[in-house]
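Report on the structure given below.
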Amino acid sequence: MNGFIFDLDGVIVDTAKYHYQAWKQLANNIGIEFSLEQNEQLKGVSRVESLKKILHWGQKTISDDEFMVLMTEKNNHYLSFIETMKEDEVLPDVSKILNYLSSRHQKIALGSASKNAVGILNKVNLTKFFDAIVDGNQVTHAKPDPEVFLNAAKQMNVKPEDCIVFEDAVAGIQAANAANMISIGIGDANVLHEADYVFKDFTEMSLTFIDKLINPKK
Ligand code: G6P
Ligand code: MG
C-alpha cells in the first residue's frame with residue numbers, strides 16, 4: 001500500500017500567487033521591497049516565519065503587537081482572494097491524478113503548512129479524495145522538518161518509505177527527503193534540483209509514471 005501526499009499551495013491550487021500579492025502589499029506598506037525571488041523562499045514556510053523573514057530582509061524591528069496586527073492583515077487580504085475560489089482554480093490534471101489514484105485504491109493525504117488548507121479544499125470541492133489532512137494547525141516543526149509528512153503517513157497508516165510527496169517548495173522537497181519518501185517536484189527543475197523527479201506541472205506526468213510509483217517492480 002502506498003501513500004500519496006500532496007502539498008496544497010502551488011501544487012493543487014495556484015494560491016502561491018495570492019500569497020505573493022498579499023505579502024508584497026504588506027511589505028511595501030511598511031517600506032520593504034519584496035521580489036519574486038524572495039517569495040520563492042517563502043513557499044512552504046509558515047505565516048509567522050514568513051513575516052519574520054520579510055522583517056529580517058527589510059532590517060525592521062517591530063513590537064509583538066504590531067507583529068500580530070500585520071499577521072492578521074496579511075491573512076485577511078489573502079482570504080479575500082480565497083473567498084471567490086471555485087473548482088476551476090484547481091491546477092490542470094490534478095483532479096485526473098486524484099481520480100486515478102483513488103481508482104487504484106491508493107491512500108491520499110494533504111501535507112500543507114497552511115492554516116487555511118481545509119477551507120481551500122472545501123472551496124474547490126476536493127476534500128472527498130483525502131484519507132488524511134495534515135495542515136499548519138497540527139504541526140509544530142515547519143518544513144524542511146519532515147513532521148508534516150511523517151504525520152500524514154501515520155494517519156494513512158502507510159510506512160514513510162512507501163510514501164510519495166508532490167511539492168512545489170524547496171523546503172517541502174527537503175522535508176520529503178528527510179522523511180525518507182520519494183520526492184516529486186512540481187515546478188522549475190533548477191529550483192527543485194533536490195527532488196527525485198521534477199515535472200513542470202501535472203499535465204507532464206503520465207499515468208504510466210504513476211503506475212510505476214504504485215508498483216515499482218512491474
Ligand atoms: C504554504 C505556502 C506558504 C504559506 C504557508 C502558510 O506552505 O506555501 O506560502 O505561508 O502555507 O499558509 P497560511 O494559509 O496558513 O497563511
Ligand atoms: Mg506549496
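The table that follows gives values for the structure above.
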quantity: Förster radius 41 Å - calculated FRET efficiency between Leu213 and Ser63 (Cβ-Cβ, nearest 0.05); calculated: 0.25
quantity: Helix-derived mean residue ellipticity, 222 nm - over the chain, DSSP H n ≥ 4, -39500 (n - 2.57), to 500; calculated: -13000 deg cm²/dmol
quantity: Calculated FRET efficiency for the pair His56/Thr140, C-beta based, R₀ 30 Å, to 0.05; calculated: 0.90
quantity: Neighbour-limited loop hits for GluC sites (Glu not before Pro), segment 82-132 (at most 14 other Cβ within 10 Å; DSSP other than H, G, I, E, B); calculated: Glu83
quantity: Segment Asn180-Ser35, length gained on full extension (0.36 nm per residue, minus Cα span); calculated: 48.9 nm
quantity: Where trypsin sites (Lys or Arg not before Pro) fall in DSSP loop in segment 52-111, at most 15 other Cβ within 10 Å; calculated: Lys60, Lys86, Arg104
quantity: Relative contact order of segment 16-82, defined on C-alpha pairs under 8 angstrom at six or more residues apart (%); calculated: 43
quantity: The chain, Rg to Rh (Cα coordinates; Rh as Kirkwood inverse mean 1/r); calculated: 0.97
quantity: Between segment 169-204 and segment 85-123, the Cα center-to-center distance that results, in Å; calculated: 17
quantity: Extension gain (nm, one decimal) between Lys159 and His193, 0.36 nm per residue minus Cα-Cα; calculated: 9.8 nm
quantity: Hull shadow area, averaged, segment 16-82 [alpha-carbon convex hull, nm²]; calculated: 4.0
quantity: Over segment 49-122: Kirkwood hydrodynamic radius from C-alpha pairwise inverse distances, Å; calculated: 15.5
quantity: Distance violations [Cα-Cα > 27 Å] among Lys107/Lys200; Lys52/Lys86; Lys17/Lys96; calculated: Lys52/Lys86
quantity: Peptides 67-73, 37-43, 211-217 ordered by average Cβ neighbours within 10 Å, highest first; calculated: 37-43, 67-73, 211-217
quantity: Spatially proximal lysines relative to Lys53 (Cα-Cα < 16 Å; intrachain offsets below 8 disregarded); calculated: Lys24, Lys43, Lys74, Lys143
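Read-outs throughout are calculated quantities, based only on the coordinates presented, and are distinct from any laboratory measurement. All figures in this text were calculated on a predicted structure; none of them were measured in a lab. Positions of Cβ are backbone-derived with ideal geometry, glycine not excepted, and every protein chain shown enters the neighbour counts.
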